[in-house]
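Enquirer: Dropping the structure in here first, questions after.
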Amino acid sequence: MSSEIFSRTAAELRHELKNGDMTSVAVVEALLARVGAVDGQIGAFLHLDRDAVLEQAEAADARRARGEQLSALDGLPVALKNVIAVKDRPLTCGSRMLKDFVSPYDATVTRKLKEAGVILFGDVNMDEFAMGSSTENSAFQETANPWALDCAPGGSSGGSAAVVSAGMVPLSLGSDTGGSIRQPAAFCGIVGMKPTYGLVSRFGLVAYASSLDQIGPMARSVEDAAALLQIIAGHDHLDSTSMRTDVPDYEEALRGHPAPWRIGVPKEYFAEGLDDEVKARVEQAIEFYRSSGCEIVPVSLPSTDLAVPVYYIIATAEASSNLARYDGVRYGHRSEVADNAIDLYFKSRGEGFGEEVKRRIILGTYVLSSGYYDAWYVRAQKVRTLIRNEFLTAFNQVDALLTPTTPTPAFRRGEKKDDPLSMYLADIFTISLNLAGLPGISLPCGFSGDGRPIGFQLIGKPFGEAELLRIARHYESAHAHANLIPELSNGR
Amino acid sequence: MSAGNEKYEAVIGLEVHVQLKTRAKMFTRVPQGFGADPNALTDPVVLGLPGALPVLNKHAIEQSVKVGLIFGSAIPEVCKWDRKNYFYPDSPKNYQISQFDQPICVGGEVEIELPGESRNVMGEHKHIKLTRAHLEEDVGKLTHFDQDSLVDYNRAGTPLLEIVTEPDLHSADEAVALLQSLRMHLTAADISDCDMEKGQMRCDANVSVRLRGTDVLNKRTEMKNLNSITGVKNAISYEIRRQIKVVEAGGAVVQETRRWDADAGVTTSMRGKEEAHDYRYFPDPDLMPVKLGKETLKRLEGTLPEPVFVKQRRYIEEYDLPYTTTSVLAFDWELADFFESALREFGDAPKTVANYVVNELQRERSAADGDGLMPIESLRIAPAHIAELARLVEDATISKQTAKEVFVDMFSSGKMPAAIVKEKGLEDKTDTSEIEAICQQAIEGNPVAAQQVRDGNDKAINSFIGPVMKATGGRANPKVVRDTLAKLLKG
């Protein structure tokens, strides 16, 4: 057990709470102190209501004193990406458009967290409307990578990754549409998981791309991620895309013994463009599985290079429609200089949206427009089916796939800002899973020579989170990369 | 000139939006309704708040399927949802969830009746083909003021069924008949109240003209949101005349949207105010396609009422009811129900029963209400009352004249007619000995007429009817009186 409270995992804290060696108030006080000490350098939090956090902690301690425990995570804190609705809290989505918007309702995952006694520990920074891979597209502030302050934490869930990575909170929720949980998890050296599409409710998740978005857990251990997933997973009648499926006991699944799994390695993910250091670390991870009795199976996913263009057609198309509601009429930013109704739309949206959001709305509008719909959108959906089928075919032979999460470690902030295309292409390893609806988890597997984290990705079968977590846990049990916290000097 | 002229024929297609009767809105559980405080019937889904998602209202699906079944449409096994993208303040998400290429109903036809030569002659019947019917969500309501506009989202999200006809109509009268037929059938099946004043039924009309005898489809104009029957009739009539004038003068009809100005009685061009819309339809990724099984269709089929004109024809054939009676009965499902319930109690005299429903009942309902009809639910009488009254007349307990008095009494008191008759001693005298005695007296009182009858002048019997009826206080059964007189006079 590490000496600092803020560096303990949720599982460790849970243990102490249970034994009476710890109180929730003590936990959150330690974390609030950590936030005070380091967030000035990181810039992860958008809102953190100290009093509200302490109030929830006191309530949790009172419950525990009465012998009531609402869940395994009762009394433990989770930070939320500011794209998840919390009643009476600002829901900015990192955008000027919603700068002053307060949600009048709870997302389903928020309700589940509350019912589980989890402490809602503030809202964290993100790329505007979840569009981006560096959190540089936030309208409010930049977030730094705790392991390399001049580097990006990844995106769009950069804030969610940074808070966990820096030890400000042991658990957070992010959202993943093209890799937005897994890529920042890899960049920041933590565990990040995107569930199967339909496992976690999207009601109250501000929509970016409806057929791709999923909320998922971010933590410093597989066990913690599993515990958080347990609370948020499950069918929701308020989300028509939510799957009616039994949610297994993920913690129970983790206790199972490792099996001689068949691990597929798709060759297309190890082609050129992959940073040498990343390649080396990921190959070490592969070697670990092989040497522990797993069969490493070479597979091919030929449509991999089509994934990025297909994604940027489908996601932007859906986004262009999902973001149409932001017009200043009912809520959100309303321009003060408009002449008439149409002008109000133009000006409010022009002032409220950032460049990347505008870029994607225009692209999405284009691919849906008359004369182009068949050539772009319909064709992209057809290729999407091919991509999914290739995965499912591979899963006839293997139990999971292992790939790098990103082609490089975290890039320097500002480096890709003027080159959106290069930013898009870096999503190559994460994006296919969103298109195929499959679950994926990123685990840290080492560092680059200059101390930037490197992650590898495990891809599982549809609704196969239990097995996926077990395979992930197997790696983690022999490595300690995840629960490392960077040295951050106190102050400012 | 609501139907073109000798040279030109009008070609009309209608898009009728019908608000479905469901408790809740199309994609969320907020109730739908008319007249609530502005923006009271809203929730995050209705308002399109960040993070809100739609959930299908199954009742709306069932109501729509029923419409298709009533009009013989095909109900495809699978239908799906598409987003119709356009920006407007009455549309909370700036897209409308609708159905583009896989609607819930395909094809079908609506029987309509045109006005006859006179009121009591059945008009021509036609079958108007439907292209399709699809489900969508309604939008909110904008009200414009000098400085600004206000929007009320109470109506937003209400389930709307858009019924599209083929360009099968050729006159304003036919268009009106189509709307009336829709209303009759949909109210009878409890699918919609189709009250145009409350916006429950709205109509867009596409109008063009062509030379008679040709079957080309020329450029058409579209008139949107005609919201009353007279509006539909007048707008279409005007537009037909206007287009013929344009063509006769050598001009060409411009394909455009036109606005009906009821006050001025003209349509005006909206060109320039509306740009061509590219709605960028694509399948809504928040909703699953809908699969309709055979069992569901069968079950819904079983809930359908008899189609209106089928009922009317049955009333004519089975009960030999006159046309005017059937058009009152068959076109008003509540009256038809009342009538048929009464027949179940006493089925021997459908004409009498029909008569009481169509005349007596309606008259009393009208008298009882200020400016309409007393609602059926508020009546003190039930079908059983009318059934019993008819029975009393048929078995000669009371005369038709007496029955009229009894009706008024029973309508206001709710008492059964037999009880009223007994109470007031209104039975017809059918005691033959008593009648014989009175007839005998009458005969003796008028020997001249008596002789005339004996000599073969049957008409002379009428002279005795008056005195006999007077002597019996109007209570003698006329048939019995006549027979008795005849027997006494001729032996």
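What follows draws every value from the coordinates through simple rules; no lab data is involved. Model, not experiment: these values are computed from the prediction. A quick note on method: Cβ atoms are made from the backbone with ideal geometry, for glycine too, and the neighbour counts reach across all protein chains shown.
Enquirer: By a straight-distance test (C-alpha under 14 Å), which aspartates and glutamates pair with B:Lys245 as possible cross-link partners, with residues fewer than eight away in the same chain excluded?
Expert: Reachable aspartates and glutamates: B:Glu6, B:Glu9.
Enquirer: Follow-up. Take the eigenvalues of the Cα gyration tensor for segment B:347-491, scale each by 5, and report the square roots as semi-axes in whole Å, largest first.
Expert: On the way: eigenvalues 281, 40, 33 Å².
With the √(5λ) rule applied to segment B:347-491, the semi-axes are 38, 14, 13 Å.
Enquirer: With Cβ to Cβ distances under 14 Å as the rule, what net charge do the other residues near A:Gly198 carry (K, R +1; D, E -1)? Before the final figure, lay out each step's value.
Expert: Values: positive: A:Lys194, A:Arg202, A:Arg244, A:Arg388, A:Lys461; negative: A:Asp176, A:Asp213, A:Asp236, A:Asp239, A:Asp246, A:Glu465, B:Asp286.
Neighbour charge sum, excluding A:Gly198 itself: -2.
Enquirer: Hey, which lysines would be in cross-link range of B:Lys459, C-alpha to C-alpha under 24 Å, not counting anything within fewer than 8 residues on its own chain?
Expert: Of all the lysines, those that pass the test against B:Lys459 - Cα under 24 Å, at least 8 places apart if same chain - are B:Lys400, B:Lys429, B:Lys470, B:Lys479, B:Lys487, B:Lys490.
Enquirer: Same structure, new question: Given 5 Å bins starting at zero, what is the percent of C-alpha pairs of segment A:358-402 in each, up to the one with the largest pair distance?
Expert: Per 5 Å bin, starting at 0, the Cα pair percentages come out as 5, 20, 17, 15, 12, 10, 11, 9, 2.
Enquirer: What does the charge dipole of segment A:30-158 about its Cα centre add up to, to the nearest 20 debye, if the Cβ of each Lys and Arg holds +1 and the Cβ of each Asp and Glu holds -1?
Expert: 320
Enquirer: Please order A:Arg262, A:Arg244 by the number of other Cβ within 10 Å, starting at the fewest.
Expert: Values: A:Arg262 16, A:Arg244 9.
Arranged by neighbour count, lowest to highest, A:Arg262, A:Arg244 become A:Arg244, A:Arg262.
Enquirer: Could you list which residues have their amide H under 5 Å from that of A:Asp106, counting only those 5 or more apart in sequence or on another chain, with H placed in the peptide plane?
Expert: Those qualifying (amide H under 5 Å, at least 5 residues apart or on another chain) are A:Lys87.
Enquirer: Round to the nearest 0.05 the FRET efficiency obtained for B:Val78 and A:Leu425 when R0 = 51 Å and r is the Cβ-Cβ distance.
Expert: On the way: r = 38 Å, r/R0 = 0.74.
FRET efficiency, B:Val78 to A:Leu425: 0.85.
Enquirer: From zero outward in steps of 20 Å, how is the percent of C-alpha pairs of chain B spread across the bins?
Expert: The distribution over chain B is 19, 41, 24, 13, 3, 0, given as percents.
Enquirer: To the nearest 20 debye, what charge dipole does the protein assembly as shown have about its Cα centre, counting +1 at the Cβ of each Lys and Arg and -1 at the Cβ of each Asp and Glu?
Expert: 920
Enquirer: Here's another thing I want to ask about it. Length gain on complete extension for the stretch B:Ala396 to B:Lys487, per 0.36 nm per residue less the alpha carbon to alpha carbon distance? Mind showing how you got there, number by number?
Expert: Working: separation 91, 0.36 × 91 = 32.76 nm, distance 1.95 nm.
This chain segment gains 30.8 nm when fully extended.
Enquirer: Right, next: So for segment A:59-197, if I pair up every lysine 8 or more residues apart or on another chain, how many of those pairs have alpha-carbons under 22 Å apart?
Expert: Total qualifying Lys-Lys pairs in segment A:59-197 comes to 9.
Enquirer: Here is a follow-up. Between segment B:424-491 and segment A:219-289, how far is it from one alpha carbon centroid to the other, in angstrom?
Expert: Going from one Cα centre to the other spans 106 Å.
Enquirer: Say each of A:Arg334 and B:Gln441 gets a label point 7 Å from the Cα, pointing the same way as Cα to Cβ; how far apart are those two points in nm?
Expert: Modelled inter-label distance: 9.0 nm.
Enquirer: Okay, next question. For A:Arg255, what charge total do you get from the other residues with a beta carbon under 12 Å from its beta carbon, if Lys and Arg give +1 and Asp and Glu give -1?
Expert: Taking every other residue near A:Arg255 into account, the sum is -2.
Enquirer: Take every Cα-Cα distance within segment A:1-117, group them into 5 Å bins from 0 onward, and report for each bin the whole-number percent of pairs it holds.
Expert: Computed distribution, short to long bins: 2, 11, 19, 21, 20, 15, 8, 3, 1, 0.
Enquirer: So, counting K/R as plus one and D/E as minus one, what does the shell of residues with Cβ under 14 Å around A:Asp450 add up to?
Expert: Result for the neighbourhood of A:Asp450: -1.
Enquirer: With point charges of +1 on the Cβ of Lys and Arg and -1 on the Cβ of Asp and Glu, referenced to the Cα centre of segment B:286-334, which listed residue (B:Tyr315, B:Leu292, B:Thr325) lies farthest in the positive direction of the dipole?
Expert: Positive-end residue among those listed: B:Leu292.
Enquirer: Using R₀ = 45 Å, calculate the FRET efficiency as 1/(1 + (r/R₀)^6) where r is the Cβ-Cβ separation of A:Arg412 and B:Asn225; round to 0.05.
Expert: Approximately 0.20, to the nearest 0.05.
Enquirer: Quick one: Cα convex hull volume of segment A:221-311, Å³ per residue? Mind showing how you got there, number by number?
Expert: On the way: hull volume 15.3 nm³, N = 91.
Each residue corresponds to 168 Å³ of Cα convex hull volume.
Enquirer: While we're here: I need the per residue convex hull volume for the protein assembly as shown, using only the alpha carbons, in cubic angstrom as a whole number.
Expert: Cα-based convex hull of the protein assembly as shown, divided per residue, equals 237 Å³.
Enquirer: If amide hydrogens are placed 1.01 Å from N in the peptide plane, which non-local residues have theirs closer than 5 Å to the one on B:Ala476?
Expert: B:Lys429
Enquirer: Hey, can you grab everything whose amide H is under 5 Å from the amide H of B:Cys203? Only 5+ residues off in sequence or another chain; H modelled, so Pro and N-termini drop out.
Expert: When sequence neighbours closer than 5 places are left aside, the close amide H contacts are B:His17, B:Asn225, B:Leu226.
Enquirer: How many percent of the alpha carbon pairs in segment A:385-468 exceed a separation of 20 Å?
Expert: Of all Cα-Cα distances in segment A:385-468, 42 percent exceed 20 Å.
Enquirer: Moving on to the next point. Could you give the DSSP H helices of chain B that reach 20 angstrom or more along their long axis (alpha carbon positions) and whose average Kyte-Doolittle hydropathy is no lower than -1.0?
Expert: TM-like helix candidates: B:172-188, B:229-248.
Enquirer: A further question follows. Any idea how far apart A:Gln141 and B:Glu197 come out in nm if each label point goes 7 Å out from Cα toward Cβ?
Expert: Placing both labels 7 Å beyond Cα along the Cβ direction yields 6.1 nm.
Enquirer: With r defined as the distance between the Cβ atoms of B:Ser366 and B:His59 and R0 fixed at 41 Å, what FRET efficiency is calculated, to the nearest 0.05? Write out the running numbers ahead of the final one.
Expert: Details: r = 34 Å, r/R0 = 0.84.
Computed FRET efficiency for B:Ser366 and B:His59 comes out at 0.75.
Enquirer: Also: Two decimals is fine: what's Rg over Rh for chain A, C-alpha atoms, Kirkwood radius as Rh? List each step's numbers first, then the result.
Expert: Numbers: Rg = 21.2 Å, Rh = 22.3 Å.
We get a ratio of 0.95 for chain A.
Enquirer: Determine the gain in length on full extension of the stretch A:Ala271-A:Glu283; use 0.36 nm per residue of separation and subtract their C-alpha separation, reporting nm with one decimal.
Expert: Once the chain is fully extended between A:Ala271 and A:Glu283, it gains 3.0 nm.
Enquirer: Taking +1 at the Cβ of each Lys and Arg and -1 at the Cβ of each Asp and Glu, which of A:Ser3, B:Thr214, A:Phe101 sits farthest along the dipole of the protein assembly as shown towards its positive end, judged by Cα position relative to the Cα centre?
Expert: The residue sitting most towards the positive pole is B:Thr214.
Enquirer: Note down the magnitude of the dipole of segment A:217-281 about its Cα centre, charges +1 on Lys and Arg C-beta and -1 on Asp and Glu C-beta and zero elsewhere, to the nearest 20 debye.
Expert: Working: 7 positive and 13 negative charges, 47 e Å.
With only Lys, Arg, Asp and Glu charged at Cβ, the dipole is about 220 debye.
Enquirer: Any idea what the relative contact order of chain B is, in percent, if you count C-alpha pairs under 8 Å spaced at least 6 apart?
Expert: 14
Enquirer: Which residue, chosen from B:Pro103, B:Pro167, B:Leu53, occupies the Cα position most advanced towards the positive end of the dipole of segment B:32-168, where the dipole is computed from +1 (Lys, Arg) and -1 (Asp, Glu) charges on Cβ about the Cα centre?
Expert: B:Leu53
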